[in-house]
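For reference, the structure is listed below as structure tokens.
The values are calculated or read from the model by the stated rules, or taken from the named source; none is laboratory data. Just so it is clear, the structure is predicted and the values come from calculations on it, not from any experiment. All Cβ positions, even for glycine, are placed from backbone atoms using ideal geometry, and neighbour counts span all protein chains on display. For the accessible areas, the whole protein counts, side chains as well, though only heavy atoms, and no ligand, DNA or RNA atoms are used. Shrake-Rupley method; radii C 1.70, N 1.55, O 1.52, S 1.80 Å.
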Amino acid sequence: MPPCLAIDIPVLPETALGHALQFVELLRTANLLAGLRHGAQAPRIGWRLTDAQGLPLRIADGPLLPCLRAGAFEGPATDLFIAPLHCPDIPAVRLAVDQYPALARRIGVAVDQGLRICTQGSGAWLAARSGRLDGRRVALPWYYIGGFGRDFPGISIATEQDFHEDGPWLSAALSTGMVDMAAALAQRAMGPELAQALRSVLRPDPERGRAALEALQARHIPSTRDSTLARAIAWMEQHLDQPYQLGAVAAAASVSPRTLLRHFREELGHSPLDHLHGLRCARARVLLEITLESIPTIAQACGYADPAAFRRVFARHTGLSPTAYRQRHTLRAPRRRWRVGEAPSVDAVIGALRSAAKM
């Protein structure tokens with residue numbers, strides 16, 4: 001299938017090639033997630049490395065070859081990505097840009113034709129030199145702001161953003177903004193759900209990491225803390241799939257049920273049962289994301305004998321039904337694409353996570 005986005009990546013002798021390849025890897029990840037969800041009919045993003053004149057680079061062999069083949073496309077591009085230049089200072093950036101007037105003109109023509117221009121860091125100099133981006137805003141590293149502002153007073157700078165999108169110009173100040181850039185492109189090509197999945201996979205997410213551990217034996221309260229809450233929550237985490245009994249939780253915390261309720265209300269603002277529901281929903285999120293088990297099976301693994309009750313509690317905690325959450329966040333392909341026995345079971349996932357938590 002032809003790609004829904006076709007991105008040219010000019011590579012110059014001064015190009016920071018590692019950043020260009022990082023961008024390619026983000027696009028490959030977007031294609032991978034799309035394939036997991038939609039199979040052979042998934043939309044895909046294409047890319048190719050070119051020289052300054054726009055001619056595709058030919059690489060006969062080596063580690064770059066599979067990367068180029070994976071994104072290969074024929075015909076005109078829909079986007080350009082200008083990687084940063086590997087230069088020691090702003091005068092060196094200016095000198096490098098002056099050597100490629102043809103590329104600056106090519107960028108200008110691309111803007112006139114309705115293409116999007118994506119830049120990272122000092123790659124913004126080449127885009128700005130096209131003369132077609134005055135009046136736009138760009139994200140830049142702090143150490144380039146002064147020199148860029150003097151060279152291009154008609155372009156304002158988004159000083160508090162690592163990624164900024166202004167019409168046809170998508171700019172990342174640093175490599176950390178590249179995830180948002182790739183997600184913005186993926187949203188156009190593949191839709192908002194794939195873009196959100198890409199962000200979930202590529203962004204640091206401490207909350208999701210905690211949720212993964214809370215699916216079995218979360219340790220969000222350090223073991224060195226020996227408090228009533230710590231003992232109670234640790235016990236609940238180890239017994240998520242068992243019926244709730246306030247007396248049993250209080251006994252594990254070595255206090256009376258009344259005292260336990262007071263501790264939860266005063267320190268956390270909710271009851272032990274509310275906290276247990278949160279822990280169970282954290283486990284359910286992980287199981288919905290990485291297994292193909294049915295909703296009733298996951299409900300039982302999370303301590304709910306009644307799937308309807310599980311659905312109500314899960315919707316209250318996440319704002320989505322279990323089915324809607326799975327559709328939005330799953331990283332697995334649909335069940336029909338798995339052979340019998342290939343999909344991980346709830347027990348397998350929990351066992352694997354328990355082993356990882358003990359390492």
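At-a-glance table
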{"read-out": "Criterion (closer than 21 Å to His19 by Cα and either among the hydroxyl-bearing types (Ser, Thr, Tyr) or touching a Pro at 6+ places or on another chain (Cβ under 6 Å) (or both)) met by exactly one of Ile45, Ile90, Ile82, Ile59", "value": "Ile45"}
{"read-out": "Residues of the range 10-34 that turn out to be assigned to a loop (DSSP other than H, G, I, E, B) and surrounded by 15 or more Cβ atoms within 10 Å (Cβ to Cβ), as a count", "value": "4"}
{"read-out": "Top-ranked residue in the range 126-139 [being open to solvent by less than 10 Å² (accessible area, probe 1.4 Å) and within 9 Å of His164 (Cβ to Cβ); ranked as farthest from the chain's Cα centre (by Cα)]", "value": "Val138"}
{"read-out": "Some residue of the range 63-78 being touching a Phe, Trp or Tyr at 6+ places or on another chain (Cβ under 6 Å) and modelled with pLDDT under 90", "value": "yes"}
{"read-out": "Residue satisfying condition, being open to solvent by less than 50 Å² (accessible area, probe 1.4 Å) and at pLDDT below 90, within set Arg37, Arg58", "value": "Arg37"}
{"read-out": "Some residue of the range 297-314 being at pLDDT below 80, surrounded by fewer than 21 Cβ atoms within 10 Å (Cβ to Cβ) and part of a helix (DSSP H, G or I)", "value": "no"}
{"read-out": "Asp205 vs. criteria of a type in the set (D, E, K, R) and at pLDDT 85 or above", "value": "no"}
{"read-out": "Residues that are within 16 Å of Gln120 (Cβ to Cβ) and either polar (S, T, N, Q) or touching a helix residue (DSSP H, G or I) at 6+ places or on another chain (Cβ under 7 Å) (or both), drawn from the range 156-166", "value": "Ile157, Gln161, Asp162, Phe163, Glu165"}
{"read-out": "Residue count for the range 64-120, restricted to those that are among the hydroxyl-bearing types (Ser, Thr, Tyr) and under 12 Å from Pro10 (Cβ atoms)", "value": "2"}
{"read-out": "Tally, over the range 100-125, of residues that are touching an Asp or Glu at 6+ places or on another chain (Cβ under 8 Å) and either open to solvent by less than 10 Å² (accessible area, probe 1.4 Å) or more than 22 Å from Met178 (Cβ to Cβ) (or both)", "value": "3"}
